[in-house]
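Chemist: Mind having a look at this structure? Questions to follow.
The values are calculated or read from the model by the stated rules, or taken from the named source; none is laboratory data. Everything numeric in this text was worked out from a predicted model, so none of it was measured. A quick note on method: Cβ atoms are made from the backbone with ideal geometry, for glycine too, and the neighbour counts reach across all protein chains shown. What goes into the accessible areas is simple: the full protein's heavy atoms, side chains included, and nothing from ligands, DNA or RNA. Shrake-Rupley method; radii C 1.70, N 1.55, O 1.52, S 1.80 Å.
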Amino acid sequence: MTKNNSSLISDIPTSIGAPARRALVGAGYLQLEQLTKVSEAEVLKLHGMGPKALDIIRRALIEKGLTFANGSENK
């Protein structure tokens with residue numbers, strides 16, 4: 001295994017943009033399950049995170065039967 005960001009074990013969707021991915025990794029979020037402990041509003045405050053990336057993450061959480069903290073998914 002090479003030692004670069006792509007080799008980190010992560011289930012964060014690769015379809016989010018690089019700024020959003022860097023924001024998540026920089027905040028220590030490598031697994032979707034970690035995002036169940038924070039609200040959408042908290043994630044959206046991360047520099048580089050936008051509504052499109054948040055929507056992709058929300059959908060990925062739902063696919064796994066998970067939600068952001070406080071059930072803060074927009075249905």
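Chemist: In nm, give the distance between the simple-model label positions of residue 37 and residue 14, each being 7 Å from the Cα along the Cα-to-Cβ direction.
Modeler: 2.7
Chemist: Ignoring ligands, DNA and RNA, what percent of the 1.4 Å accessible area of the range 18-75 is carbon and sulfur?
Modeler: Using a 1.4 Å probe with all protein chains present, the range 18-75 comes out at 54 percent carbon and sulfur.
Chemist: Let me ask something else about it. All other residues with a Cβ under 15 Å from the Cβ of residue 47 taken together, and with Lys, Arg as +1 and Asp, Glu as -1, what is their net charge?
Modeler: Values: positive: 21, 22, 45; negative: 42.
Once positives and negatives cancel, what remains is +2.
Chemist: Still on this model: Just subtract the alpha-carbon distance of residue 44 and residue 62 from 0.36 nm times their residue separation and send over the number in nm, one decimal. If you can, show how the numbers build up before the last one.
Modeler: Numbers: separation 18, 0.36 × 18 = 6.48 nm, distance 1.74 nm.
Going from the current span to full extension adds 4.7 nm.
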